[in-house]
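The values are calculated or read from the model by the stated rules, or taken from the named source; none is laboratory data. What you are looking at is a predicted structure, and each value in this text was computed from that prediction instead of being measured. Don't worry about glycine lacking a Cβ; one is built from the backbone with ideal geometry, like all the others, and counts go over all protein chains shown. Protein only, heavy atoms only, side chains kept; ligands, DNA and RNA dropped before computing areas. Shrake-Rupley method; radii C 1.70, N 1.55, O 1.52, S 1.80 Å.
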Amino acid sequence: MSGSNKMTFSKKPKRRKYDESYLSFGFTYFGNRDAPHAQCVLCKKILSNSSLAPSKLRRHLETKHAAYKDKDISFFKQHLDSPENNKPPTPKIVNTDNESATEASYNVSYHIALSGEAHTIGELLIKPCAKDVVMRMFDEQYSKKIDAVQLSNSTVARRIKDLAADIEEELVCRLKICDGFSLQLDESADVSGLAVLLVFIRYRFNKSIEEDLLLCESLQSNATGEEIFNCINSFMQKHEIEWEKCVDVCSDASRATDGKIAEAITLMKYVAPESTSSHCLLYRHALAVKVMPTSLKNVLNQAVQIINYIKARPHQSRLLKILCEEMGAQHTALLLNTEERWLTRGKVLVRLFELRRELLVFTDSAFPLSDCLTNSSWLLRLAYLADIFTKLNEVNLSMQGKNVTVFTVFDKMSSLLRKLEFWASSVEEENFDCFPTLSDFLTEINSTVDKDICSAVVQHLRGLRSTLLKYFPVTNDSNTWVRNPFTVTVKPASLVARDYESLIDLTSDSQVKQNFSELSLNDFWSNLIQEYPSIARRAVRVLLPFATMHLCETGFSYYAATKTKYRKRLDAAPHMRIRLSNITPNIKRICDKKTQKHCSH
């Protein structure tokens, strides 16, 4: 037969069969018995059918498991028959690309809501940036997967609503099982003219006292006290939260007298008879510090006029900035004073005093108050005001934040009252070391303080002390045992015999005493609920009321930053739920609730 007519046949691959003797090398078979794969009983590694040769199996045993190369076949048979080898493999649940993209979309939407940015930033900025990063760090194939993450304006809005609903659901579950709660509420107008109601809640959960946003609602009609109450009551009834658990309602004293808030609180106390009402202690502090002698009040007013003369004229502000830069000043602008923002006064006066030289060069003789900047007596009074308001601001700030209780505020006030008496005594002795700005200025001009200035300062300090005593009177509180149970030697009037016996047991426990020195007051009593339920619950009830309106003030600041004049139609309630809550949404749970997990959800 010629070469052209020769027929060629492809050689079939040799199919090896498993032999029971291969178990002596530590291998069993896997798959089809006629053409099986080799599987090591020690490391579970699967080899191809071509590896079913004694030499290859022995090489695997000697290189990978040298410690077992001298074992007989019974050892490997025992290992093969062990329960772990007979257990079926646990199926691994792997998210599909659509499910992963949906979860990623929720995560990005959560961060957008936390930052208060516009929804469009997801598609216009975050998504392109993510694609660029992935393309540079990996390759284009992975970058294309970013396209599956839906971040359109409407999608982000829906995601944020889902996240807020999940947080609300978790909060409601916590409130249903808690022993009691207190409320803090305030109302204000937003940029679109709507009346906005913010209500915060304070409750015990998981051995700690938590603070969260209960609701943020826009009042569509007249913001009357009855409508404010109906708004809160509807939320309570909808979620089956018991009013009987309400311990206290805190409001702003300045708003409580205008009728609306007072009427709402009255209606709340009608459905929660055991609830009390309280006023913001920060507002009391702000009222007290406004009182001062006429001579110091005039200096404060003139300082504000100097600031307004420059800040009200943009051209003047630009020229002052240029001058400060040329003179190498530490600052290049003055701060604007506002009566509504209590913490600005100290910073405003300090900045004015620090820029006094630059202002002296900047202002001309035509400005009627330019002579004040060359008057040492006026500058001495200004330096004192800058120092005292800075100290008062520090006290104010220390009464804000989490874990602040009524005891915290009154402790801070007690400390301030003692300091005021000390400062007044020091000034009477012509010692100004406690006022650094004033002391440095005296050293700079090599001068002493006039008698009339000393008299005005002492009068201000003593008057401030008496005013604070009026707003924060020293009383014999029957709940002092909550502040420090280890100092109680006589049964408090507020406790029954059984609770006092429990208090004795508690204070005799050395471990509890150690915890008292390590934990905050809120966490200390919350941790004792299981061991000393009766007395601990009474203590927590005393600690639940809000001491200040700090959360509402912060909430309205966030609200104003989120709903701007460019976003007047925005429903800001879901954003506030996310930004002002300490609860993290369960994104996995949200995605599992979806019947169809498509990226276009």
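Overview of values
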{"item": "Protection proxy ranking, peptides 198-209, 109-120, 507-518, average beta carbon neighbours within 10 Å, highest first", "result": "198-209, 109-120, 507-518"}
{"item": "Entry for Kirkwood radius over Cα pairs in Å (calculated from the structure that is shown) out of (1) 31.3; (2) 24.8; (3) 28.2", "result": "(1)"}
{"item": "Helix runs (DSSP H) in the chain reaching 24 Å along axis by Cα, Kyte-Doolittle at least -1.0", "result": "97-115, 153-177, 294-311, 376-398, 406-428, 451-471"}
{"item": "Extreme residue, positive dipole direction of the chain, given options Val449, Leu544, Ala53 (C-beta unit charges)", "result": "Ala53"}
{"item": "For the range 448-517, alpha-carbon Rg relative to the globular expectation (2.2 N^0.38 Å, N residues)", "result": "1.92"}
{"item": "Percent accessible area from carbon and sulfur atoms, the chain, protein chains only, probe 1.4 Å", "result": "51"}
{"item": "Accessible-area value, Glu263, 1.4 Å probe, nucleic acids and ligands omitted, Å²", "result": "80"}
{"item": "Cβ crowding within 10 Å averaged over residues, with 290-298, 374-382 ranked highest first", "result": "374-382, 290-298"}
{"item": "Solvent-accessible heavy-atom area per residue, rounded to whole Å², over the chain at 1.4 Å", "result": "54"}
{"item": "Listed residues Leu219, Asn206, Ile232: farthest to the positive end of the dipole of the range 198-251 (Cβ charges)", "result": "Asn206"}
{"item": "Built amide H within the under 5 Å cut-off of Cys246, gap 5+", "result": "Phe181"}
{"item": "Sequence of Asp440, Asp411 from largest to smallest accessible area, 1.4 Å probe", "result": "Asp440, Asp411"}
{"item": "Cα Rg over Rh - the range 288-471, Kirkwood", "result": "0.99"}
{"item": "When each of Lys44/Lys64; Lys419/Lys470; Lys245/Lys588; Lys568/Lys594; Lys238/Lys565; Lys161/Lys594 is checked by Cα-Cα distance, pairs over 21 Å", "result": "Lys245/Lys588; Lys568/Lys594; Lys238/Lys565"}
{"item": "Probe 1.4 Å - accessible area at Arg462, Å² to nearest ten", "result": "90"}
{"item": "The chain: antiparallel DSSP beta bridges as a percent of all, rounded to 5", "result": "75"}
{"item": "Only Lys, Arg (+1) and Asp, Glu (-1) charged, at Cβ; the chain dipole about Cα centre in debye", "result": "3500"}
{"item": "Residue among Val512, Ala497, Pro533 farthest towards the positive dipole end of the range 484-544, charges placed on Cβ", "result": "Ala497"}
